[in-house]
Amino acid sequence: MSEHRTGAPGRVKEVTSLANPLVKDIKALSLKKFRDQQNAFLAEGLKLVIDALDLGWTIKTLIFAKSALGNQAVEKIAARTVALGGDVLEVSEKVLTAITRRDNPQAVVGVFSQRFVPLKDIRPKGNDVWVALDRVRDPGNLGTVIRTVDAVGAKGVILVGDTTDPFSLETVRATMGSIFAVPVAKTHPDAFLEWRKNFPGTVAGTHLKGAVDYRSVDFGNRPVLLMMGNEQQGLPDNLADACDKLLRIPQAGRADSLNLAVATGVMLFEIRRGALKL
Ligand code: SAM
């Protein structure tokens, strides 16, 4: 490992060996156990890293490909990282491939501190929309929901029960950067049900056996909590019973249900129809 200066004012460590302990720690972030131990996660791409810093996320390490040396935008973000107290690693393509576990990796990767919003701090008002996901399993679904919540201007996502990790590489990729814009809370079902008691608006569950067509509901100008069920089992009785209404999206054809993220998208565009002037 050597240290030198690039166009960035801070020191940059050059790393080419996969055996380097810094690289080992970053590679370990592919496992939840180590993400939690280090309270960290990876996000790929220059634009994402710039957006994350603009939104006030804490960068621990910026990693960039040797081939990006001389790129002004990369050198600027490297300087910004150093100024914020983060480390900067200039690495070989081989090291980047190992860290991101993909061929043709992006030239810039950031290691950020994880951030969850405490459930008790979520106090919906106005026409705020929150999405509660019951035991979501699939990282692609979770990432897509976070991205859609961002796109429709809903407020955030509450993960209820045992869920896939919002900070896994797969989920973060699927959010396409929205992980930095959308607050995420995680909670036990009992704590969620307690919090729900004080929800100052409509709690709308979605269910294949829902009695109400989702298009017939006037969501009005009040907060909405949209509850979505687990991919295999749907909403369990205790969560379904806590809903003011159980809504159904009518279907034709042979499919027995919609994909979780698709159903969430359909619901969110309906609930936000007025706000989005659709
Ligand atoms: N086998 C599961 C069941 O019996 O509920 C299917 C779950 S579905 C893949 C995942 C979630 O998406 C459901 O729990 C529900 O929240 C929502 N969903 C999917 N299709 C729906 C529909 N047609 N109407 C209402 N909600 C739906």
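The values are calculated or read from the model by the stated rules, or taken from the named source; none is laboratory data. Just so you know, these numbers come straight off a predicted model, no measurement behind them. Cβ sites come from the backbone with ideal geometry, for glycine too, and all protein chains shown count toward neighbours. Each accessible area value is taken on the protein alone, full model and side chains, heavy atoms only, with ligands, DNA and RNA left out. Shrake-Rupley method; radii C 1.70, N 1.55, O 1.52, S 1.80 Å.
Before moving on, here are some points about what is shown:
- Glu231 meets each of the listed conditions (1) within 16 Å of the ligand (Cβ to nearest atom); (2) open to solvent by less than 50 Å² (accessible area, probe 1.4 Å) apart from (2).
- If the condition is being without any contact (Cβ under 8 Å) to a residue 60 or more places away in the chain and closer than 20 Å to Arg35 by Cα, then segment 122-141 contributes only Pro139.
- Count - residues of segment 213-223 that are in contact with a Leu (Cβ under 7 Å, 6 or more places away or on another chain) and either part of a loop (DSSP other than H, G, I, E, B) or more than 10 Å from the ligand (Cβ to nearest atom) (or both): 1
- Per-region count, segment 235-245, residues outside any loop (DSSP other than H, G, I, E, B) and either outside the structural domain of Leu208 (by TED's automatic domain parsing) or surrounded by 18 or more Cβ atoms within 10 Å (Cβ to Cβ) (or both): 2
- Verdict on Leu226 being assigned by TED's automatic domain parsing to the domain that holds Trp130, touching a Gly at 6+ places or on another chain (Cβ under 9 Å), within 10 Å of the ligand (Cβ to nearest atom) and open to solvent by 30 Å² or more (accessible area, probe 1.4 Å): no
Listed here are the residues, each with its yes/no results for (1) open to solvent by 10 Å² or more (accessible area, probe 1.4 Å); (2) in contact with a strand residue (DSSP E or B) (Cβ under 9 Å, 6 or more places away or on another chain); (3) charged (D, E, K, R).
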position: Val136; (1), (2), (3): no, yes, no
position: Leu142; (1), (2), (3): no, yes, no
position: Asp162; (1), (2), (3): yes, no, yes
position: Ala174; (1), (2), (3): yes, no, no
position: Trp195; (1), (2), (3): yes, yes, no
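- Remark: pairs (first residue in segment 190-217, farther than 20 Å from Leu258 by Cβ; second residue within 16 Å of the ligand (Cβ to nearest atom) and of a type in the set (Gly, Ala, Ser); Cβ separation under 7 Å; 6+ apart in sequence or on different chains) = Phe192/Ala132; Leu193/Ala242; Arg196/Ala242; Val203/Ala242.
- Pair list, Cβ under 8 Å, 6 or more apart: segment 246-267 residue assigned by TED's automatic domain parsing to the domain that holds Pro139, other residue of a type in the set (Gly, Ala, Ser) and in a helix (DSSP H, G or I): Leu246/Ala240; Ile249/Ala263; Ser257/Ala263; Ala261/Gly140
- Counted as qualifying within segment 43-139 are no strands (runs of 3 or more DSSP E), as none has 1 or more residues that are at pLDDT below 95 and assigned by TED's automatic domain parsing to the domain that holds Leu225.
- Exactly one residue out of Arg101, Arg80, Arg147, Arg115 is surrounded by fewer than 15 Cβ atoms within 10 Å (Cβ to Cβ) and among the basic types (Lys, Arg), and it is Arg101.
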